[in-house]
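Have a look at the structure below, then the notes.
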Amino acid sequence: MVEYKAYTKEKRAMSMVSTEHLYKEFGRIMAVKDVSFEVELSEIVGFLGPNGAGKTTTMKMLTGYLPPTAGTARIAGHDIIDEPLEARRHMGYMPENVPLYDDMRVYEYLYYRAKLKGLFGKSVRQQVGYVMDRCGLDSKRKSMIHTLSKGYRQRVGLADALLGEPELLILDEPTNGLDPNQIRQIRELIRSLAEEHTVILSTHILSEVEMICNKVIIIDNGEIKAADTPTNLTGGLRAAGRVSLEYKGELEGVMRDLSAIPSVKKIIFEGTLPGGWQRLVVRAEPGTDTREKAAAVIRRYDYPLRHVYRHIPSLEDVFVEMTRHD
């Protein structure tokens, strides 16, 4: 089995990825505008944004597939413009649509890719064996690539990205087009790879990011809208203090008393449900929990209460609030 290179003290002292004021212009369209962020060693970063937000363009600049119009980016301390080969030696890239040679067998393709990456001799056999084992491809080693399912094709692309012992993995939509079982398998594989690699992961499946990422970067219209831990992002939302109630009784006094609760900012009447049940939403300061005080208001009126729920914001709520244009 191939042992991954130990990080030197110098490498530990620097960010794995550092971008400063990146711009990318296509004609009159500015696809990426003044993007700056850092990814530290061993972080798993979810890179999120709507379609056309600039995610893939930014990733392609990091990998050297596209030159930036302005700005700079470094991979393990190496400038992507001044030291492109050194920068690429530290990364493995899996594009959204993995380009594979359908007329090759799995092991033939990986041998070919290993040699293109500068491996030779015994190290080719060792690394190809290692990545096939790590990505669950041993049973498919002699299969023609054109016979593989979408899930196994993604595994081949991930195995290719692992060749060359990269410290950084950049994965663009690695679960794109997979069924739920395949998504779970790839997710667990990425989680295990994160024990040895820094990972930047682009995906539209926000639950995936919540489960495996310890940092989130949200981009929209080519600009960074947020960069923080999932916990900090969700905790700062307006939705973090929202409580919904369903009770049977009059509205005016209840809404007045609920509004008097400290930290409550707004009461919203959402309608009368079948059976005469009134539905209210209490909006309070983020980080507060008004359930007990709200229920006490209803009990003072001796009204039946059947529902008290504090909304727990998700990464989806963060994403919508950061990127909606209404």
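The values are calculated or read from the model by the stated rules, or taken from the named source; none is laboratory data. None of these values were measured; they are calculated from a predicted model. Reconstructed Cβ throughout: ideal geometry from the backbone, glycine too, with neighbour counts over all protein chains shown.
Would you confirm, using the coordinates I've provided, whether Y301 is of a type outside the set (S, T, N, Q), surrounded by 17 or more Cβ atoms within 10 Å (Cβ to Cβ) and either free of Cβ contacts under 8 Å to residues at least 60 places away in the same chain or not assigned by TED's automatic domain parsing to the domain that holds L48 (or both)? Please lay out each step first, then the result.
Numbers: of a type outside the set (S, T, N, Q): yes; surrounded by 17 or more Cβ atoms within 10 Å (Cβ to Cβ): no; either free of Cβ contacts under 8 Å to residues at least 60 places away in the same chain or not assigned by TED's automatic domain parsing to the domain that holds L48 (or both): yes.
Considered against the rule, which asks whether it is of a type outside the set (S, T, N, Q), surrounded by 17 or more Cβ atoms within 10 Å (Cβ to Cβ) and either free of Cβ contacts under 8 Å to residues at least 60 places away in the same chain or not assigned by TED's automatic domain parsing to the domain that holds L48 (or both), Y301 comes out as no.
So if I check each of E188, E195, E167, which one is of a type in the set (D, E) and in contact (Cβ under 8 Å) with a residue 24 or more places away in the chain? Please lay out each step first, then the result.
Details: E188 fails: in contact (Cβ under 8 Å) with a residue 24 or more places away in the chain; E195 fails: in contact (Cβ under 8 Å) with a residue 24 or more places away in the chain.
Matching residue, one of E188, E195, E167: E167.
Can you pull out every residue in the range 266-295 that is without any contact (Cβ under 8 Å) to a residue 24 or more places away in the chain and more than 14 Å from S244 (Cα to Cα)?
Listed by number, the list holds a single entry, P274.
Can you give me the number of residues within the range 40-79 that are of a type in the set (V, I, T) and surrounded by fewer than 24 Cβ atoms within 10 Å (Cβ to Cβ)? Talk me through it step by step, then tell me what you get.
First, pick out the residues of the range 40-79 that are of a type in the set (V, I, T): 44-45, 56-58, 63, 69, 72, 75.
Checking the rest, the ones that are also surrounded by fewer than 24 Cβ atoms within 10 Å (Cβ to Cβ) come to 44, 56-57, 63, 69, 72.
Matching residues across the range 40-79 total 6.
Assuming I312 fulfils every condition listed in (1) touching a helix residue (DSSP H, G or I) at 6+ places or on another chain (Cβ under 6 Å); (2) of a type in the set (A, V, I, L, M, F, W, C); (3) part of a loop (DSSP other than H, G, I, E, B) apart from one, which condition is it?
Here I312 meets the rest and fails (1).
For a quick check of your reading: which helices (runs of 4 or more DSSP H) sit entirely within the range 88-185 and have at least 1 residues that are more than 26 Å from F47 (Cβ to Cβ)?
Numbers: elements: 106-116, 122-134, 150-162.
Answer list for the range 88-185: 106-116, 122-134.
Return a yes/no flag: does the range 72-80 have any residue that is outside any strand (DSSP E or B), of a type in the set (D, E, K, R) and either within 22 Å of the chain's Cα centre (by Cα) or at pLDDT 95 or above (or both).
Applying the first criterion (outside any strand (DSSP E or B)) to the range 72-80 yields 76-77, 80.
Those still in the list that are of a type in the set (D, E, K, R) too: none.
No, the range 72-80 has no match at all.
With the structure loaded, tell me whether R242 is in contact with a strand residue (DSSP E or B) (Cβ under 6 Å, 6 or more places away or on another chain), among the basic types (K, R), buried (at least 17 other Cβ atoms within 10 Å of the Cβ) and under 30 Å from N214 (Cα atoms) or whether it fails that test.
Values: in contact with a strand residue (DSSP E or B) (Cβ under 6 Å, 6 or more places away or on another chain): yes; among the basic types (K, R): yes; buried (at least 17 other Cβ atoms within 10 Å of the Cβ): yes; under 30 Å from N214 (Cα atoms): yes.
Here the answer is yes, as R242 does meet what is asked.
For the range 193-301, list the helices (runs of 4 or more DSSP H) that sit wholly inside it and hold at least 1 residues that are hydrophobic (A, V, I, L, M, F, W, C), touching a Phe, Trp or Tyr at 6+ places or on another chain (Cβ under 9 Å) and over 21 Å from T58 (Cβ atoms); which are they? Don't jump to the end; show me each part of the working.
Values: elements: 206-212, 230-235, 252-259, 291-300.
Because the criterion is at least 1 residues that are hydrophobic (A, V, I, L, M, F, W, C), touching a Phe, Trp or Tyr at 6+ places or on another chain (Cβ under 9 Å) and over 21 Å from T58 (Cβ atoms), the helices (runs of 4 or more DSSP H) in the range 193-301 that meet it are 252-259, 291-300.
Based on what the data block shows, is R242 outside the structural domain of K60 (by TED's automatic domain parsing), modelled with pLDDT under 90 and among the charged types (D, E, K, R)?
Numbers: outside the structural domain of K60 (by TED's automatic domain parsing): yes; modelled with pLDDT under 90: yes; among the charged types (D, E, K, R): yes.
For R242, the condition - outside the structural domain of K60 (by TED's automatic domain parsing), modelled with pLDDT under 90 and among the charged types (D, E, K, R) - is met.
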